[in-house]
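Novice: Quick one: this structure, given as structure tokens, is what I'll be asking you about.
The values are calculated or read from the model by the stated rules, or taken from the named source; none is laboratory data. A quick note: this is a predicted structure, and the numbers were derived from the prediction, not measured. For neighbour counting, all protein chains shown are included, and Cβ atoms are generated from backbone atoms with ideal geometry for every residue, glycine included.
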Amino acid sequence: MGRMGTSLRLAAILALTLGAAARAQMADAPAQPPGAAPPAPAAPAPAPSAPAGDSCTRAEFEAVVDDAAAALRDLNLKNKPDFQEKLRQLKDKRGWSHDQFMTEAAPYVRDDKIAVFDQESDQLLNDISSLGQEGAEAKSPDCALLHELRARMKVLVDTQSAKWRYMFGKLNAALAQ
């Protein structure tokens with residue numbers, strides 16, 4: 001599968017492992033200075049733009065996947081430390097032991113709505129994989145297919161952004177109680 005396969009695997013790993021990473025790396029996140037305002041979730045990088053004209057290349061199919069993988073990676077890198085810090089604040093506020101925390105914090109990274117976000121992301125990744133492979137292997141690149149690939153990649157990034165907003169919303173509400 002080459003470069004595109006690597007990018008798709010990276011995107012899938014980044015998009016679908018947030019819950020496990022948030023729990024597993026709790027002790028590694030940097031502490032927020034006392035009295036500092038909590039940061040808002042970071043926005044994703046903009047989606048790649050459509051090609052100007054009716055011609056497109058195989059390289060554009062790979063580039064759109066690489067760009068979306070980078071956007072997902074950036075989204076996770078920007079949000080994960082802040083999310084982990086907020087989880088740590090909730091642990092301290094509630095006085096949870098480590099074992100209690102592992103149980104009590106689970107709903108903030110895994111619930112029915114988060115499962116829906118993950119299912120949508122999984123379906124999008126499957127679609128993107130098929131479209132990307134089809135486009136890269138075509139004898140002559142299909143620009144309509146490239147536009148569809150870009151649209152699905154944007155929806156994937158938007159879905160992950162919505163997931164972060166939802167999880168931050170739950171966590172901020174718990175911290176406000």
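Novice: Anything in the range 107-141 that is within 20 Å of Ala63 (Cβ to Cβ) and of a type in the set (D, E, K, R)? List them, or say none. Explain how you work it out, then say what you get.
Specialist: Taking the range 107-141 first, the residues within 20 Å of Ala63 (Cβ to Cβ) are 124-125, 127-141.
Those that are within 20 Å of Ala63 (Cβ to Cβ) and of a type in the set (D, E, K, R): Asp127, Glu134, Glu137, Lys139.
Novice: Given Gln84, Gln177, Gln100, Gln160, which one is farther than 17 Å from Ala68 by Cβ and either touching a Lys or Arg at 6+ places or on another chain (Cβ under 7 Å) or in contact (Cβ under 8 Å) with a residue 40 or more places away in the chain (or both)? Outline the logic, then answer.
Specialist: Numbers: Gln177 fails: either touching a Lys or Arg at 6+ places or on another chain (Cβ under 7 Å) or in contact (Cβ under 8 Å) with a residue 40 or more places away in the chain (or both); Gln100 fails: either touching a Lys or Arg at 6+ places or on another chain (Cβ under 7 Å) or in contact (Cβ under 8 Å) with a residue 40 or more places away in the chain (or both); Gln160 fails: farther than 17 Å from Ala68 by Cβ.
Every option except Gln84 fails the conditions.
Novice: Out of the residues in the range 87-146 meeting the condition of being among the hydroxyl-bearing types (Ser, Thr, Tyr) and within 19 Å of the chain's Cα centre (by Cα), tell me which one is nearest to Asn172 (Cα to Cα). Let's see the steps before the verdict.
Specialist: Applying the first criterion (among the hydroxyl-bearing types (Ser, Thr, Tyr)) to the range 87-146 yields 97, 103, 108, 121, 129-130, 140.
In the following step, the residues that additionally are within 19 Å of the chain's Cα centre (by Cα) were identified as 108, 121, 129.
On the way: Tyr108: 10, Ser121: 24, Ser129: 35 Å.
For the range 87-146, the residue satisfying everything is Tyr108.
Novice: Quick one: in the range 57-107, of everything that is outside any helix (DSSP H, G or I) and modelled with pLDDT of 85 or more, which residue is surrounded by the fewest Cβ atoms within 10 Å (Cβ to Cβ)? Talk me through it step by step, then tell me what you get.
Specialist: Taking the range 57-107 first, the residues outside any helix (DSSP H, G or I) are 57, 95-97, 105.
Remaining after also requiring modelled with pLDDT of 85 or more: 95-97, 105.
Working: Gly95: 8, Trp96: 15, Ser97: 10, Ala105: 21.
For the range 57-107, the residue satisfying everything is Gly95.
Novice: Being hydrophobic (A, V, I, L, M, F, W, C), in a helix (DSSP H, G or I) and closer than 11 Å to Lys163 by Cα is the filter here, so list the residues in the range 108-125 that pass it. Give the steps one after another, and end with the answer.
Specialist: As a first pass, look at the range 108-125 and keep what is hydrophobic (A, V, I, L, M, F, W, C): 109, 114-117, 124-125.
Now restrict to residues that are in a helix (DSSP H, G or I): 114-117, 124-125.
Residues satisfying the conditions are Ile114, Ala115, Val116, Phe117.
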